[in-house]
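Peer 1: Below: one structure in structure tokens.
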Amino acid sequence: VYSEKYSEGPEFKRKVSTACCAAAEIFMTDLCDEEDAEQQCSDWLNRALQTDPINPEVFRVMADLKICQQLPSEAREMAIKACDIWSQELETLMNPTNDQVDQLMAEFPSYESRISCAKILIELNEADLLERAVLLLEQLLKEDDSVLMTWYLLCLTLKTKNENDNLSALEDAIEGALRVSRRDGHLKYPEMITEDELVLEILNWYRELGMDCDLDAIEEDDDDILDLEKALKEAESFDTDEFNTNNN
């Protein structure tokens, strides 16, 4: 009964749609030299969109495709749409109600997918898109602040914005990146020596700004950090309660 209930529900459709997106990405990467690679990619994305018209992953991959096709204005539109849907779904996850169970059970885009979207926003290099990239990357760091690539992209975005009022934020991001680098063994401290290319670039920014930070400092816990895993578990409990009620 449970499988029948969800075989055509939003969770199932989201998974199928996301799988179609993964197939589309294969034709942009491993199979990009195939004669019909571009058409195959478009076809898989059309299937993904038809299966789940509000899957943000579809629009994220579409944005990637538009960049490959050198259509920046269309890539911009798709990337913004992906970010807007993610924001709406995240709000739903963090403020669940019983009448939103189906939405809550839909598969939320992976961390890696949203990293890819941030890269697209940075590559398009427009002021409002860079601001969106900052918000997206900050959200990702709230979910998991141990990913060096996220820190690096945040530093890169803030540096690209090149506004005086971003200097403090950039220094904070660089310090956060160096802390993660040290903790993961990519940075020999206090000598500030590394062989990691990402860390080398971050160190260059650190030296350009004449920074002098203490990576031994202990950071206080932030009670406001988003617990996405907890939100997903709460969403699942809503669904389980509804299922039990309907079968009693």
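Nothing in this text is a laboratory measurement; each read-out follows from the coordinates by a stated rule. Owing to the predicted nature of the structure, the values given are computational and were not obtained by experimental measurement. Please note: Cβ atoms are built from the backbone with ideal geometry, for glycine as well, and neighbour counts cover all protein chains shown.
Peer 1: Taking θ as phi - 60°, what are the ³J(HN,Hα) couplings along segment 32-40 by the Karplus curve (6.51, -1.76, 1.60), each to the nearest whole Hz, with x for Gly and Pro?
Peer 2: Coupling constants for segment 32-40: 5, 8, 5, 4, 9, 4, 5, 5, 4 Hz.
Peer 1: Report the label-to-label distance for LEU200 and LYS15 in nanometres (one decimal), using points 7 Å from each Cα along the Cα→Cβ vector.
Peer 2: Result for the modelled spin labels: 4.4 nm.
Peer 1: What is the local net charge at ASP43, summed over the other residues whose Cβ is closer than 15 Å to its Cβ (Lys, Arg +1; Asp, Glu -1)? Could you put the intermediate results ahead of the total?
Peer 2: Values: positive: ARG47; negative: GLU25, GLU34, GLU35, ASP36, GLU38.
Once positives and negatives cancel, what remains is -4.
Peer 1: Between MET211 and residues 5 or more places away or on another chain, which pairs have amide H atoms under 5 Å apart, with H built 1.01 Å from N, and which residues are they?
Peer 2: Amide H neighbours of MET211, under 5 Å, 5+ apart: none.
Peer 1: What is the diffusion coefficient of segment 1-82 in µm²/s, taking the Kirkwood radius over Cα pairs and the Stokes-Einstein relation at 37 °C with a viscosity of 0.692 mPa s? Intermediate results must be reported in sequence, preceding the final value.
Peer 2: Numbers: Rh = 13.1 Å.
Reported coefficient: 252 µm²/s.
Peer 1: Another question about this same structure. Taking θ = phi - 60°, what integer Hz values does the Karplus form 6.51 cos²θ - 1.76 cosθ + 1.60 yield along segment 140-146, in sequence order, with x for Gly and Pro?
Peer 2: Using θ = phi - 60°, the values come out as 4, 5, 5, 6, 7, 9, 9 Hz.
Peer 1: Just list whichever of LYS119/LYS159; LYS66/LYS119; LYS13/LYS119; LYS81/LYS119 have alpha carbons separated by over 18 Å in the model shown. All intermediate terms of the calculation are to be shown ahead of the outcome.
Peer 2: Values: LYS119/LYS159 14 Å; LYS66/LYS119 14 Å; LYS13/LYS119 27 Å; LYS81/LYS119 15 Å.
Checking Cα-Cα distances, LYS13/LYS119 exceed 18 Å.
Peer 1: Additional query: Suppose R0 equals 22 Å. What FRET efficiency, 1/(1 + (r/R0)^6) with r the Cβ-Cβ distance, do MET94 and ASP145 give to the nearest 0.05?
Peer 2: Details: r = 18 Å, r/R0 = 0.81.
Using R0 = 22 Å, I get an efficiency of 0.75.
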